[in-house]
Amino acid sequence: MVAIRWLLQGLVVLAVLASAMSASASPTRGRPGVGSNDLTLSASPSSLQVLAAPCGARTIDVGVRNEGSEPVYGDVVLTPESPLTVSPDLISSYFPPGYELVVPVSVRAPAGSAEGEYEVRLRAGRTGKGDELVIPVTVTTPPDGPDANLALAASVSASSTHGNFAACGAIDGNRNQDDWDVLTGWNDGTPEVFPDWLAVTFPQPEQVSRVDLYTLDSTRYPGSRYGLRDFDVQVLESDGSWRTVASVRDNTVGLVSSTFDPVSTTSVRVLALASNDARYSRIVELEVYRE
Amino acid sequence: MTLHADAASDYTRGVASGQSASLWRAWEDERQRLWKRRGFVAASGLSALGLAFDMLRPSLATAATPKFRAYPFSLGVASGDPLPDSVVLWTRLAPEPLENFGGMDAVRVPVQWQVAEDPKFRRVVRSGSTLALPEYVHSVHVDVRGLKPGRPYYYRFRCGGEISAVGRTRTAPAPSTDLSALRFAIVSCQAWFDGFYTAYRHLAEEDLDVVLHLGDYLYEYSVRTNGGRPGVSLPEKFERVTTLLNDYRDRYALYKLDPDIQAAHAAFPWIVTWDDHEVVNNYADENHPSMPPEDFLVRRANAYRAFWEHMPVRNPPTGPDMGLYRRFSFGRLVEFNVLDTRQYRDDQACGDGLRTDCEERLDPQRTLLGPDQENWLLDGLASSTARWNVLAQQIMMAQLDFTLEPGQAFSMDLWDGYKPARDRIVSALIEHNVSNPVVLSGDIHRSMAAEIKARFDDPDSPVVGTEFIGTSISSGMDGADRDEFAEPFLANPHVKFYNAQRGYVQFTVMPERLQADYRVVPYVREPGAQITTRASFVTEDGKPGLIQVADNPPIGRLFSAQIPPPEQPVTPYE
């Protein structure tokens with residue numbers, strides 16, 4: 001408890017503060033960012049490689065541990081080197097003694113960023129001398145060449161996206177079905193309403209002739225129950241209309257590869273007409289190839 | 001961590017005076033200048049008043065009086081938890097409300113406050129200064145004491161040459177008062193991304209003594225859920241599912257930036273409680289499917305702390321624990337028992353969801369309120385001398401069979417999932433002959449009226465109390481007069497009214513009767529809807545149950561089958 005007496009023209013104005021109720025047993029009592037001095041930082045993996053593309057962000061797990069014997073509220077500020085951005089760029093939390101909070105942090109390099117070595121700096125506390133950590137980040141540009149997955153350089157849009165998911169999950173380079181629970185895929189946001197769609201748009205026109213669609217099909221969530229059943233693969237025409245280049249019906253498996261006559265377009269989309277649970281459209285990964 | 005209750009209740013209590021004439025003259029001068037300058041005020045922060053308040057400045061190394069780059073009272077003002085001599089005033093300094101820490105540096109900042117009998121602050125009766133602390137993102141809670149009972153008051157804050165909006169509040173009447181009428185409203189469930197707060201705009205125009213918020217003040221989901229609000233672009237962090245303290249803080253800031261919710265807060269004192277979404281959908285004590293209890297309690301601690309930082313309530317949480325259940329009396333007329341049905345409940349029976357033959361829900365060992373709160377409630381009901389005894393809480397208490405099929409389908413998240421716990425309360429109402437029991441609930445995004453029966457499956461059993469279920473402010477989007485739940489819900493013989501639009505319930509309580517007006521708007525996906533009373537019900541003193549006194553024509557859509565069900569599914573974990 002801190003009590004401050006303000007004497008003003010003979011009248012006492014007493015402001016009673018329990019400022020640091022969180023800090024009543026803390027060695028850093030009374031200072032902002034209370035308790036942050038007891039926080040230690042770690043990152044897994046210890047370095048990161050991100051793609052300079054609209055959906056090229058990658059995730060690193062930041063660990064924040066309270067090494068003290070008292071619970072604290074603390075802050076960790078993340079400062080990315082330009083042109084990187086991070087989300088979240090702040091980790092404020094309650095930390096019980098001995099507890100390690102693990103926060104997935106998304107690191108992004110905007111499309112067009114130069115390849116090279118960069119870093120994200122982390123510091124515990126807003127002031128003072130908290131623990132610091134530097135995460136090295138390697139920025140690469142999307143693959144090119146005849147066998148490149150063009151979706152990796154694309155931007156993405158969707159008819160809707162469930163609040164727990166992000167459309168980028170469909171073109172993040174992760175086709176591991178078992179990662180569905182950690183939201184590396186796309187799930188639309190309108191249950192029992194079809195059609196849904198997810199589209200990728202390239203930075204410049206591309207000639208394409210194959211689309212590999214990975215719909216949800218894991219041991220826990222089998223494709224016959226949760227995967228896309230009926231969908232069309234469409235390309236954007238120069239007049240703004242969508243032309244169907246492949247149609248899939250009654251699908252029950254995880255990977256559907258659709259090949260078609262080569263066509264030049266700026267955008268490819270999957271029009272989801274039905275899923276096997278009739279509720280949601282779910283895409284783990286969408287890949288687009290020249291051949 | 002130790003936190004003494006008395007220390008907490010003393011938090012930032014300003015013990016103050018209204019006698020310092022020269023100081024207030026200076027304040028008034030400054031205020032006048034500011035009012036005149038507002039609109040092109042950007043440049044000069046401090047002028048005459050900076051001088052005056054330099055005298056006030058304590059020798060605090062960490063204190064500072066900032067020059068704000070932008071208006072710091074961007075989140076408005078609020079008051080709440082009215083007692084006969086006291087009310088809690090709230091604001092938060094956030095010149096850049098959507099930035100981390102509201103755009104504030106990590107320094108303590110003195111904030112002055114005033115309480116007056118008139119909106120022009122000619123009769124200031126209480127005033128003081130308190131420190132806004134960075135630990136609490138410069139939120140300000142002032143527990144003003146020494147006020148007169150049953151009186152309207154006006155309040156405002158000042159900091160760095162900037163003055164807040166003026167709020168209006170009201171103290172509770174003295175305990176012995178034979179009050180002739182109390183007017184209040186219940187509100188709940190305000191998903192920002194589902195629609196505009198049109199209902200709050202109308203609420204602010206009502207004539208009310210107090211507003212009760214029954215939970216789901218914010219939602220943990222991305223603000224882009226259901227398409228979000230049209231034409232609004234927000235930083236990426238608002239797409240995060242809230243888990244960190246800064247996630248919850250930023251989300252409160254976003255919700256409270258809305259001018260309609262600010263108007264509703266500024267117009268009346270609020271008594272707030274929470275439901276699940278202030279943390280995460282359908283959590284139960286330390287249990288949620290998203291993570292182990294050890295991790296979940298950290299998330300809960302973050303959510304509770306941000307809740308307190310943004311609400312006009314007296315006592316902050318201690319880590320993952322926050323005492324929120326409490327009691328408010330309005331003379332001899334009404335006693336509100338404000339409950340917390342989340343923090344202490346056993347995990348939902350039979351894996352949650354809708355269940356037909358769930359034995360676990362009948363286990364008398366299971367609790368919804370936790371033993372301490374349940375005892376506190378039952379003791380309070382037994383000893384109450386109020387004419388109307390209100391349970392202000394979150395989830396529907398009357399039995400609610402969701403299906404027209406044979407057998408009964410109950411939601412394991414509602415009181416139905418904790419049947420013996422409900423039976424214990426109903427038994428106590430009967431045993432102690434509690435005067436006029438009234439249950440208020442939210443959560444389900446529907447307007448309903450129901451009767452609390454001694455035995456719900458026996459139509460001949462007596463009516464023990466009356467339940468008014470308030471719809472959402474915005475959650476569930478536009479809705480319609482009826483949806484696919486209308487038929488099965490109304491097939492419950494004790495359910496007397498159903499509507500699936502957005503709005504609130506306004507109450508007028510008198511010694512001889514209570515009237516509930518179901519106020520609804522036809523849409524919320526676009527701003528500007530008008531509000532109408534869809535139906536009104538009366539409960540007479542000494543006669544539990546519902547008498548419908550108004551049944552007005554439907555407005556807006558008559559039927560929609562596309563309203564998300566009351567319990568939003570999490571994919572694909574259903």
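The values are calculated or read from the model by the stated rules, or taken from the named source; none is laboratory data. On a predicted model such as this, the values are computed, not experimentally measured, just so you know. Cβ sites come from the backbone with ideal geometry, for glycine too, and all protein chains shown count toward neighbours.
Could you grab me the full set of residues in segment A:99-120 that are under 19 Å from the mean Cα position of the chain (by Cα) and in a loop (DSSP other than H, G, I, E, B)? Listed by number, the residues that qualify are A:110, A:111, A:113. For segment B:539-562, filtered to residues that are in contact with an Asp or Glu (Cβ under 9 Å, 6 or more places away or on another chain) and acidic (Asp, Glu), the residue that is farthest from residue B:503 (Cα to Cα) is B:541.
Evaluated against (1) over 19 Å from the mean Cα position of the chain (by Cα); (2) β-branched (Val, Ile, Thr); (3) surrounded by fewer than 16 Cβ atoms within 10 Å (Cβ to Cβ), residue A:72 falls short on exactly one condition, (3). Just one of (1) of a type outside the set (S, T, N, Q); (2) in contact with a strand residue (DSSP E or B) (Cβ under 6 Å, 6 or more places away or on another chain); (3) farther than 26 Å from residue B:520 by Cα fails for residue B:397. It is (3).
Residue count for segment B:355-369 under the criterion of being surrounded by fewer than 15 Cβ atoms within 10 Å (Cβ to Cβ), in a loop (DSSP other than H, G, I, E, B) and not charged (D, E, K, R): the result is 3. Looking across A:116, A:68, A:128, one residue alone is of a type outside the set (Phe, Trp, Tyr), on the phi > 0 side of the Ramachandran plot and in contact (Cβ under 8 Å) with a residue 24 or more places away in the chain. It is A:128.
For segment A:144-159, the condition holds for at least one residue, the condition being that it is within 12 Å of chain B (Cβ to nearest Cβ), outside any strand (DSSP E or B), of a type in the set (S, T, N, Q) and within 30 Å of residue A:266 (Cα to Cα). For residue B:242, state whether it is within 12 Å of chain A (Cβ to nearest Cβ) and either farther than 23 Å from residue B:103 by Cβ or aromatic (Phe, Trp, Tyr) (or both). So residue B:242 fails the test. Taken over segment B:163-191, residues that are part of a loop (DSSP other than H, G, I, E, B) and under 16 Å from the mean Cα position of the chain (by Cα) amount to 4.
Check whether at least one residue in segment B:522-532 is part of a strand (DSSP E or B), over 21 Å from the mean Cα position of the chain (by Cα), within 14 Å of residue B:198 (Cα to Cα) and in contact (Cβ under 8 Å) with a residue 12 or more places away in the chain, and report yes or no. Taking every residue of segment B:522-532 in turn, at least one turns out to be part of a strand (DSSP E or B), over 21 Å from the mean Cα position of the chain (by Cα), within 14 Å of residue B:198 (Cα to Cα) and in contact (Cβ under 8 Å) with a residue 12 or more places away in the chain. Could you pull out the residue among A:230, A:250 that is surrounded by fewer than 15 Cβ atoms within 10 Å (Cβ to Cβ), more than 14 Å from chain B (Cβ to nearest Cβ) and at pLDDT 95 or above? Criteria check complete, one pass: A:250.
Counting the residues of segment B:193-221 that are outside any loop (DSSP other than H, G, I, E, B) and farther than 20 Å from residue B:259 by Cβ gives 2.
Selection of first residues in segment B:102-120 that are within 13 Å of chain A (Cβ to nearest Cβ) and of second residues that are assigned to a strand (DSSP E or B) and among the aromatic types (Phe, Trp, Tyr), restricted to Cβ pairs under 6 Å at least 6 apart or on distinct chains, gives the following pairs, ordered by first then second residue: B:111/B:157; B:113/B:157. For segment B:222-275, the set of residues classified as among the acidic types (Asp, Glu), assigned to a loop (DSSP other than H, G, I, E, B) and buried (at least 23 other Cβ atoms within 10 Å of the Cβ) consists of B:275 only.
Looking across segment B:276-286, the residues that are over 15 Å from residue B:309 (Cβ atoms) and not in a strand (DSSP E or B) come down to B:276, B:277, B:280, B:281, B:282, B:283, B:285, B:286.
Selection over segment A:129-163 of residues that are in contact with a Pro (Cβ under 8 Å, 6 or more places away or on another chain), surrounded by fewer than 22 Cβ atoms within 10 Å (Cβ to Cβ) and of a type in the set (Gly, Ala, Ser) gives a count of 3. Among the residues that make up segment B:152-161, is at least one of them touching a residue at least 12 places away in the same chain (Cβ under 8 Å), surrounded by fewer than 22 Cβ atoms within 10 Å (Cβ to Cβ) and over 25 Å from the mean Cα position of the chain (by Cα)? Yes, segment B:152-161 has at least one match. Counting the residues of segment A:208-227 that are of a type in the set (Asp, Glu) and away from chain B (no Cβ under 14 Å) gives 1. Please go through segment A:160-174 and give me each residue that is away from every other protein chain (no Cβ under 14 Å) and at pLDDT below 95, ordered by number. If the condition is that a residue be away from every other protein chain (no Cβ under 14 Å) and at pLDDT below 95, then A:172, A:173, A:174 are the ones that fit.
Per-residue answers, yes or no, for (1) more than 21 Å from residue A:146 (Cβ to Cβ); (2) touching a strand residue (DSSP E or B) at 6+ places or on another chain (Cβ under 8 Å); (3) modelled with pLDDT of 95 or more; (4) not in a strand (DSSP E or B):
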site	(1), (2), (3), (4)
A:245	no, yes, yes, no
A:259	no, yes, yes, no
A:262	no, yes, yes, no
A:267	no, yes, yes, no
A:273	yes, yes, yes, no
A:277	yes, no, no, yes
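Taking the criterion of being out of contact with any Phe, Trp or Tyr (no Cβ under 6 Å at 6 or more places or on another chain) and outside any loop (DSSP other than H, G, I, E, B), the residues of segment B:339-354 that qualify are B:349, B:350, B:351. Give just the number: which of (1) surrounded by 14 or more Cβ atoms within 10 Å (Cβ to Cβ); (2) away from chain B (no Cβ under 13 Å); (3) part of a loop (DSSP other than H, G, I, E, B) does residue A:189 not satisfy? The single condition residue A:189 does not satisfy is (2). Just to be sure, is residue B:481 modelled with pLDDT of 95 or more, touching a Pro at 6+ places or on another chain (Cβ under 8 Å) and at positive phi? When the stated conditions are applied, residue B:481 does not pass them.
Is it the case that some residue within segment B:373-384 is within 14 Å of chain A (Cβ to nearest Cβ) and not in a loop (DSSP other than H, G, I, E, B)? No, the conditions are met nowhere in segment B:373-384.
For segment B:371-391, the tally of residues that are out of contact with any His (no Cβ under 9 Å at 6 or more places or on another chain) and crowded, with 18+ Cβ neighbours inside 10 Å stands at 9. In segment B:287-299 there is no residue that is modelled with pLDDT of 95 or more, in a loop (DSSP other than H, G, I, E, B) and more than 14 Å from chain A (Cβ to nearest Cβ).
Scanning segment A:75-134 for residues that are touching an Asp or Glu at 6+ places or on another chain (Cβ under 7 Å), closer than 14 Å to residue A:37 by Cα and more than 10 Å from chain B (Cβ to nearest Cβ) yields a total of 3. Can you go through B:314, B:327, B:332 and tell me which one is more than 22 Å from residue B:286 (Cα to Cα) and within 14 Å of chain A (Cβ to nearest Cβ)? On inspection, the qualifying residue turns out to be B:314.
Only one of the numbered conditions (1) within 28 Å of residue A:60 (Cβ to Cβ); (2) at pLDDT below 95; (3) surrounded by 17 or more Cβ atoms within 10 Å (Cβ to Cβ) is not met by residue A:220, and that is (3).
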